Structure formats: structure tokens, C-alpha cells
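Structure record follows, encoded as C-alpha cells.
The values are calculated or read from the model by the stated rules, or taken from the named source; none is laboratory data. Computed from a prediction, not measured in an experiment: that's the story for all the values here. As a convention, Cβ positions derive from the backbone with ideal geometry for all residues, glycine included, and neighbour counts pool all protein chains shown.
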């Protein structure tokens, strides 16, 4: 299996970086190929803009998704985007490894999503959810969090974590066609002991050893909708 | 009323930019003060990192939120962050004006959130939701979207839009203590006629004229939770 880990944390010695390293080592031990895009180390540019296109289908008015489609077809996307797309297409499993900032990714990783998941290749027209361009690949979030489990869930003050992360789990990963595994969540990281951190890393190792046993999250199937994307009668 | 519009679109001639201009003009006509942070025009840096701190409480290990707290207390945050914080504290109403990218903000605006909504000032400890540091202010999303209303909602293929945007509405704006108005949504923008666009701008103008009639979205109240943030028995 080919695994791409996209890692985004501003502190190279962080626990989040340790998780990235743990995954890299463990997956290699299992015989998998692993590549890491360490966005902070790469000084990855997260700003989607006109500079992303070597050639424009409309030089006077930027519709970002249309220029992505054009640039992808013509091979004229910026070099950093092309390099990340190549890794994305190479991988069978994509892991996004990051600290939760405002119930989402750090901006540098949001920019990877904005710029690398290009229209035309990854989605477009009716090619999304189970018909998305990355169908056949798997994806997983591996996140660190300040909060604790009891703050989430139906009774928790923040509601279910999967709902807060819905824009990523459903709106991004599932939207591209990838099979989305349940997130691995390292809870309460800034506040726990070194011993507790070691236990989380051990849990993460076991999660990686038993990836196939992680039942994917359920998401919409386009067969349940008509051509206008209105829901079809059930049953 | 003082209004801060944070605008993030890579095309200055975009419909999204027209919405920003519409709001600026309309609110000024009503006698309000309006400031605009046009993040693309400002070339705003969205990457939260060590460079954000002129002085560190821990130079060897970066915990971003702790350094935010320290920098805010000591006045040593980066100048661009301080400038945005000043606008944020000045405003009574914050409007985030952006095209929806992957069911969230463009990365440049996520970076504004990551870097400007600093720990210590905006939240910290038990200061969040109704006790957040920005309590008393109002906030609203004004967004453009490729999708159509029937793709959202309980039966829609993407589920309710408010759920997909939950990380922003609840996890960001409400979390800071702000009163969150329902989003203004410009649907199907890339595909509609100039006439339809003019009608959306007119709708937006009316929404701005009747802000006080927009019932805020409901979010958690810390009085309903104990000291550990476990829910208290209802009734």
C-alpha cells in the first residue's frame, strides 16, 4: 500500500509530529511505502490565487475551479501543486495529520485542500461522493485536540466531533470519492502526562495495524438521487 | 454601529467582491462605520507560526495558543495580527464575506481566524460560547456558493448547510461569544444570469436593512454545564 501523510504543525517537536513519525515508521515496518508532505517544513503556500496557473483559460476574470480544470488538462498548474497531485494520485491511503484549530485544519492544510484537490481531476459535474475522482482510495484524519471526549457527542457541549469535522469528513474527503475511515483522535494532548502521550502513540500504532477493521463512515450514494440531485423515494 | 467586513476572494471583480461593496455602501448609507479587511489585497499571511511572536514565553517549544496569550498580554504579537485585533475589538458586527471552498472558508480566511482570534483575549479557560471574550458583538457569514438550496437541508445530498458550516457558526463565531446571525447565502452564483445576481444583491441589501429582525442561531449556554463541562440535568 502507498500512504501519503500530509502533516501540518508549526512545532517540529510537537506530539502531532510524533504521531506523524509513528505512522511513518509503523507503516513502513508493515511493508508499505510512505511519503510525507510536511507543510510547515516545505513552507507550503496555502493561498489559492492567480499565480497557481501558468496559463489561463480566462485571463480577465478568475474562476478558480475553472482554471484548475484548464490547468490540470494542460499541465500548466504551478509546480508545487503538480508535485502534491502526483503524491495524491500515487497513494492508496491519505492521512491528514494535524492539530485541530477552530474545529478544523490549520490554514496551511486548508490551503493544501484548496489548491491540490483540483476540479476536473478530483471532482466535477456529477463526479463527487461515491463517484468522485479519488474513488478507490482511503482517507483518515489523525488529529490532536485540547478537548476531552465528554465535551463531544450528542450530550457534549460541542456536539458530536464527527459533525464539527463534517466539512472535512463528508464535505472534503468523502466528496472526492475516498472511503473515509473514522478519525484517530488524540484527546487533551496539551494537558496529559508523558505516560499518557506514550499510551496514545501506542493506540495509534494499533489503529494503524488494524486499519482494515475500521468500518468506514457512511456517506451519500449518488444512486439515491436523481439527475437534479433531488432525493429519490426510498425502498 | 461599527462593522468589520473580512473579505477573501482572489478575483477583485467577483460577485463575492460585489457583495462586500454592496454591504459597505449600504451600511454606510444607514450611518454605520464600516472597515474592510480585503485579505487578498492585503496579501494577508495565513500561516500560524513562530514568526507571529516578537517574544516567546517558551522559545524552545511552540504551543501556539500559549504564545498567543503571552503575546497578547505583552503587546508583542506581530504587527499584522495586532492591526486585525484592533479592528475586531472596534467592531460591533463582524461579517465574514467569502466563497465557500470545500464547505469552509478559503485558506487565507482560515488563517485570519487562526492568527487573529487569539487565546487569552477571545477565549481561554471557561471563557467560550456565551462567556467568550467577544460577547456582545454580532457576527454573520455572507457567502457565495455553487450549490443550490435543494442540495442542502435534512433531505439534501449534503445535509443542512448550517451543519456543514458548524465549525464556523458554532465552533468559531459562537465559541468566541459573538451572537451569530443566520448566514446570508448567495446560491448557485457561477451559473446564474446577471439579472439573478442583481436580485441576490438586492436581497442582501434587504437582509442588511433588517439585521435586527434576523433571529440569532441558538448555541450552548455554559449555565447548562457543570465545572467539568458535563451537561447538568435539564428542567
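Yes/no matrix, rows are residues, columns are (1) more than 15 Å from the chain's Cα centre (by Cα); (2) within 12 Å of another protein chain (Cβ to nearest Cβ); (3) under 22 Å from residue A:38 (Cα atoms):
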residue: A:95; (1), (2), (3): no, no, yes
residue: A:112; (1), (2), (3): no, yes, yes
residue: A:125; (1), (2), (3): yes, yes, no
residue: A:162; (1), (2), (3): no, yes, no
residue: A:168; (1), (2), (3): no, yes, yes
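Any residue in the stretch B:201-218 that's closer than 15 Å to residue B:30 by Cα: show its pairings with residues that are modelled with pLDDT under 95 at Cβ separation under 8 Å, as long as the two are six or more apart or on different chains. That search, which allows pairs on different chains as well, returns B:207/B:214. Within the stretch A:104-112, is there a residue that is over 18 Å from residue B:109 (Cβ atoms) and outside any helix (DSSP H, G or I)? No, the stretch A:104-112 contains no residue that is over 18 Å from residue B:109 (Cβ atoms) and outside any helix (DSSP H, G or I). Here are the criteria: (1) touching a strand residue (DSSP E or B) at 6+ places or on another chain (Cβ under 9 Å); (2) more than 10 Å from chain A (Cβ to nearest Cβ); (3) closer than 26 Å to residue B:70 by Cβ. Tell me which single one residue B:117 does not satisfy. Condition (2) is where residue B:117 drops out. Only one of the numbered conditions (1) touching a residue at least 60 places away in the same chain (Cβ under 8 Å); (2) more than 10 Å from chain B (Cβ to nearest Cβ); (3) in contact with a strand residue (DSSP E or B) (Cβ under 7 Å, 6 or more places away or on another chain); (4) not in a loop (DSSP other than H, G, I, E, B) is not met by residue A:185, and that is (1).
Looking across the stretch B:1-22, just one residue is within 13 Å of another protein chain (Cβ to nearest Cβ), free of Cβ contacts under 8 Å to residues at least 60 places away in the same chain and within 18 Å of the chain's Cα centre (by Cα), and that is B:17.
A quick yes/no check of all residues on (1) touching a strand residue (DSSP E or B) at 6+ places or on another chain (Cβ under 8 Å); (2) crowded, with 16+ Cβ neighbours inside 10 Å; (3) under 18 Å from residue A:111 (Cβ atoms):
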site	(1), (2), (3)
A:27	yes, yes, no
A:33	yes, no, no
A:41	no, no, yes
A:44	yes, yes, yes
A:48	yes, yes, yes
A:55	no, no, no
A:59	no, no, no
A:67	yes, yes, yes
A:72	yes, yes, yes
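Filtered by the rule that a residue be more than 17 Å from the chain's Cα centre (by Cα) and in a loop (DSSP other than H, G, I, E, B), the stretch B:215-235 gives B:215, B:220, B:221, B:226, B:227, B:228, B:229, B:230, B:232, B:233, B:234, B:235.
The single residue among B:159, B:136, B:177, B:146 that is outside any helix (DSSP H, G or I), touching a helix residue (DSSP H, G or I) at 6+ places or on another chain (Cβ under 8 Å) and surrounded by fewer than 17 Cβ atoms within 10 Å (Cβ to Cβ) turns out to be B:146. Within the stretch B:141-160, take every residue that is touching a strand residue (DSSP E or B) at 6+ places or on another chain (Cβ under 6 Å) and at the interface with chain A (Cβ under 9 Å from one of its Cβ atoms) and give me the one that is modelled with the highest pLDDT. Only one residue tops the list, namely B:157.
If residue B:192 passes every condition in (1) more than 25 Å from residue B:127 (Cβ to Cβ); (2) within 11 Å of chain A (Cβ to nearest Cβ); (3) without any contact (Cβ under 8 Å) to a residue 40 or more places away in the chain but one, which one does it miss? So the condition that residue B:192 fails would be (2).
Being farther than 22 Å from residue B:14 by Cβ, touching a helix residue (DSSP H, G or I) at 6+ places or on another chain (Cβ under 6 Å) and not in a loop (DSSP other than H, G, I, E, B) narrows it down to one residue among A:73, A:84; which is it?
A:84
Taking the stretch A:215-230, which residues are at pLDDT below 95 and surrounded by 15 or more Cβ atoms within 10 Å (Cβ to Cβ)? Selection gives A:219, A:220, A:222, A:225, A:229. The one condition from (1) more than 10 Å from chain A (Cβ to nearest Cβ); (2) out of contact with any helix residue (DSSP H, G or I) (no Cβ under 9 Å at 6 or more places or on another chain); (3) assigned to a loop (DSSP other than H, G, I, E, B) that residue B:61 does not meet is (1).
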